[in-house]
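**Q** Before anything else, here's the structure in question.
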Amino acid sequence: MDVCVQTLAKENILSCTSPMPAPLDLPEAGLNLICEFEANGNNNNDNILSELDIPKSDMDYVLQFKRSSKPMNWKECYEVGKRDKYFNVYTSSASLKRAHF
């Protein structure tokens, strides 16, 4: 009887398992970044990490936006930042600007 139970248990376990699904395709931007990285002959991750310079705080976001926008457009910075899940404590672009200075 024990042999029958062990055999059935083994068959149930095997019938419940399936091979791992194939990995998902990378988005186009990710593939382009990998191709560019390999084409440049870069073998370290410093270049990738610097391109992914994600702001850690509201003021980091402001500084990054300020570097890319001449002259500084506080209204646009606030609206884009709000969309990117920043500036939860500010009620307007004017209050963000006051906090920055």
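**Q** Counting only residues that are of a type in the set (Asp, Glu), under 21 Å from the mean Cα position of the chain (by Cα) and at pLDDT 90 or above, give me the helices (runs of 4 or more DSSP H) lying completely in the chain with at least 1 of them. Walk me through it before giving the result.
**A** Numbers: elements: 2-16, 28-39, 46-51, 58-68, 74-83, 93-100.
Qualifying helices (runs of 4 or more DSSP H): 58-68, 74-83.
**Q** Here's something else I'd like to know. Could you list all residues from region 87-101 that are closer than 12 Å to residue 58 by Cα and surrounded by 13 or more Cβ atoms within 10 Å (Cβ to Cβ)? Before the answer, list the steps.
**A** Taking region 87-101 and keeping what is closer than 12 Å to residue 58 by Cα, we get 87-90, 96-97, 99-100.
87, 90, 96, 97, 99, 100, listed by residue number.
The values are calculated or read from the model by the stated rules, or taken from the named source; none is laboratory data. All figures in this text were calculated on a predicted structure; none of them were measured in a lab. Every residue, glycine among them, receives a Cβ derived from its backbone with ideal geometry; neighbour counts consider all protein chains shown.
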